[in-house]
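These notes concern the structure reproduced below.
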Amino acid sequence: MIVGFGNKVARDVWGKDTSKVLPKHLWIRAKALMTIMHYSSTLDDLKIQGQPPNIRLHKLRGDRKGMWSVTIELPWCITFKYKNAEFSDVCIENYHKG
């Protein structure tokens, strides 16, 4: 279950189905991935339910250690923390940009 958001982009896509930052053609996929997250209780559920394909679930490293990422469409990702069946600090971002 999603228990908290880490940025306005994720909050807007989740709550308003809109964003001034995320390209419009990605809104539906981003909302679909967050819906899957909201109804998943484990990371394995997220992998199994992770359709549309190619979500590229992976742990982040370095200063982002403790966070996970799934791909909306490169370079856009949903990053989050996961603990005790809860997804927190959910962000939609392009963390690959310099």
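The values are calculated or read from the model by the stated rules, or taken from the named source; none is laboratory data. Bear in mind the structure is a predicted one, so any value in this text is a computation, not a measurement. Methodologically, a virtual Cβ is constructed for each residue, glycine included, from the backbone with ideal geometry; neighbour enumeration extends over all protein chains shown.
Brief remarks follow.
- Residues that are out of contact with any helix residue (DSSP H, G or I) (no Cβ under 8 Å at 6 or more places or on another chain), among the hydrophobic types (A, V, I, L, M, F, W, C), closer than 18 Å to residue 86 by Cβ and modelled with pLDDT of 95 or more, drawn from region 1-35: 3
- Residue tally, condition modelled with pLDDT of 95 or more and among the polar types (S, T, N, Q), over region 70-82: 1
- Just one of (1) exposed (fewer than 14 other Cβ atoms within 10 Å of the Cβ); (2) in contact with a Ser or Thr (Cβ under 9 Å, 6 or more places away or on another chain) fails for residue 46. It is (1).
- Of the residues making up region 1-39, those that are without any contact (Cβ under 8 Å) to a residue 12 or more places away in the chain and among the hydroxyl-bearing types (Ser, Thr, Tyr) are 18, 35.
- Test: residue in region 36-58 that is outside any loop (DSSP other than H, G, I, E, B), under 17 Å from residue 94 (Cα atoms) and at pLDDT below 95: yes
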